[in-house]
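Engineer: One structure coming up, written as structure tokens, with questions to follow.
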Ligand SMILES: [Zn+2]
Ligand SMILES: [Zn+2]
């Protein structure tokens, strides 16, 4: 298969009805991100952005797109202290920082007196999420960033949506807004890749040979819902894209004004409880 420019194609999509080579694909990809950002007001050109990178393909793709679109941003990485996985991840984000010529900030969980492995094994993934969300928000606010940008893909959004609907937490759909404005001690949050799929991100980083680690976190569980989402897409082309757009619309209809925010009595950060989840994690070990 050949691209419209005549070169060998690396990407073919029935959803977008395109067949593209490496060069044309990266331009096409960046343009898709640009379109989402504009349509949903996800980022502003005047903002100082903290881009959270894990070393994986998705956040690498996000950093590349932010660079190409000329945003003012720095990279942020949490070293979770999970053996080889964390070493490989750190290596990848360091390389990415060099390739893109963007400053990298690294926060080590061990500086807070614990590693993710100290958490109860079954709770490792939720502990990881708690730690990352806490640290990125606090770092961004303390260093004067306007917004935190994360590389959640359409699969992540759909997965979170299904799980929360199933557990009855329907109002949590508000957390899936492509952009959540800052409030209290919480910095604004942006998801510029919410309409992108993991495959689109993978094709970008592979075709441009961008640094990323294919090593998966050893604690990450196989998620059957993720497989189900893939199966639906196979039978209904465009499902993911249409579904995340629906979720984005729905997320705006949830009223969040009355959501109450407490403050952690230990660290002072915004919390659902007397003591925040991060401090609980940190002190309970
Ligand atoms: Zn081409
Ligand atoms: Zn706290």
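Engineer: Considering only residues that are more than 13 Å from residue 196 (Cα to Cα) and in a helix (DSSP H, G or I), look in region 27-40 and name the one that is nearest to ligand 1 (Cβ to nearest atom). If you could, list the steps in order and put the result at the bottom.
Structural biologist: Narrowing region 27-40 to residues more than 13 Å from residue 196 (Cα to Cα): 27, 38-40.
Next, only the ones that are in a helix (DSSP H, G or I) stay: 27, 38-39.
On the way: 27: 9, 38: 24, 39: 25 Å.
The extreme case among them is 27.
Engineer: Here is a list of conditions, (1) touching a helix residue (DSSP H, G or I) at 6+ places or on another chain (Cβ under 6 Å); (2) at pLDDT 95 or above; (3) in a helix (DSSP H, G or I); (4) under 21 Å from residue 55 (Cα atoms), and residue 92 meets all of them except one; can you say which number that is?
Structural biologist: Condition not satisfied by residue 92: (1).
Okay, residues lined up against (1) in a loop (DSSP other than H, G, I, E, B); (2) more than 16 Å from ligand 2 (Cβ to nearest atom):
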{"position": "206", "(1), (2)": "no, yes"}
{"position": "234", "(1), (2)": "no, yes"}
{"position": "246", "(1), (2)": "no, yes"}
{"position": "249", "(1), (2)": "no, yes"}
{"position": "274", "(1), (2)": "yes, no"}
{"position": "279", "(1), (2)": "no, no"}
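Engineer: Scan region 190-200 and tell me whether some residue there is more than 16 Å from ligand 1 (Cβ to nearest atom) and over 30 Å from residue 17 (Cα atoms).
Structural biologist: Checked against the condition, which is being more than 16 Å from ligand 1 (Cβ to nearest atom) and over 30 Å from residue 17 (Cα atoms), region 190-200 yields no hits at all.
Engineer: Can you find a residue that is part of a helix (DSSP H, G or I), in contact with a strand residue (DSSP E or B) (Cβ under 8 Å, 6 or more places away or on another chain) and buried (at least 18 other Cβ atoms within 10 Å of the Cβ) anywhere in region 110-130? Outline the logic, then answer.
Structural biologist: Going residue by residue through region 110-130, those that are part of a helix (DSSP H, G or I) are 110-112, 116-118, 121-130.
Going one step further and asking which of them are in contact with a strand residue (DSSP E or B) (Cβ under 8 Å, 6 or more places away or on another chain), we end up with 110.
Now narrow it down to the ones that are buried (at least 18 other Cβ atoms within 10 Å of the Cβ): none.
Scanning region 110-130, I find no residue that is part of a helix (DSSP H, G or I), in contact with a strand residue (DSSP E or B) (Cβ under 8 Å, 6 or more places away or on another chain) and buried (at least 18 other Cβ atoms within 10 Å of the Cβ), so the answer is no.
Engineer: If you don't mind, there's one more thing I want to ask. Does region 1-15 hold any residues that are within 14 Å of ligand 1 (Cβ to nearest atom) and in contact with a helix residue (DSSP H, G or I) (Cβ under 8 Å, 6 or more places away or on another chain), and which are they?
Structural biologist: 3, 4, 5, 7, 10, 11
Engineer: Does residue 233 fit the bill of being surrounded by 13 or more Cβ atoms within 10 Å (Cβ to Cβ), within 26 Å of residue 44 (Cα to Cα) and touching a helix residue (DSSP H, G or I) at 6+ places or on another chain (Cβ under 8 Å)?
Structural biologist: Working: surrounded by 13 or more Cβ atoms within 10 Å (Cβ to Cβ): yes; within 26 Å of residue 44 (Cα to Cα): no; touching a helix residue (DSSP H, G or I) at 6+ places or on another chain (Cβ under 8 Å): yes.
So residue 233 does not fit the description; no.
Engineer: Residue 262: free of Cβ contacts under 8 Å to residues at least 60 places away in the same chain, touching a strand residue (DSSP E or B) at 6+ places or on another chain (Cβ under 9 Å), away from ligand 1 (no atom under 16 Å from the Cβ) and farther than 21 Å from residue 119 by Cβ, yes or no?
Structural biologist: It is true that residue 262 is free of Cβ contacts under 8 Å to residues at least 60 places away in the same chain, touching a strand residue (DSSP E or B) at 6+ places or on another chain (Cβ under 9 Å), away from ligand 1 (no atom under 16 Å from the Cβ) and farther than 21 Å from residue 119 by Cβ.
Engineer: Let me ask something additional. Across region 198-229, what is the number of residues that are more than 22 Å from residue 12 (Cα to Cα) and surrounded by 20 or more Cβ atoms within 10 Å (Cβ to Cβ)?
Structural biologist: Total satisfying the criteria: 2.
Engineer: If we scan region 187-197, do we find a residue that is farther than 28 Å from residue 13 by Cβ and at pLDDT below 95?
Structural biologist: no
The values are calculated or read from the model by the stated rules, or taken from the named source; none is laboratory data. All figures in this text were calculated on a predicted structure; none of them were measured in a lab. When we count neighbours, we look across all protein chains shown, and the Cβ atoms used for this are built from the backbone with ideal geometry, even at glycine.
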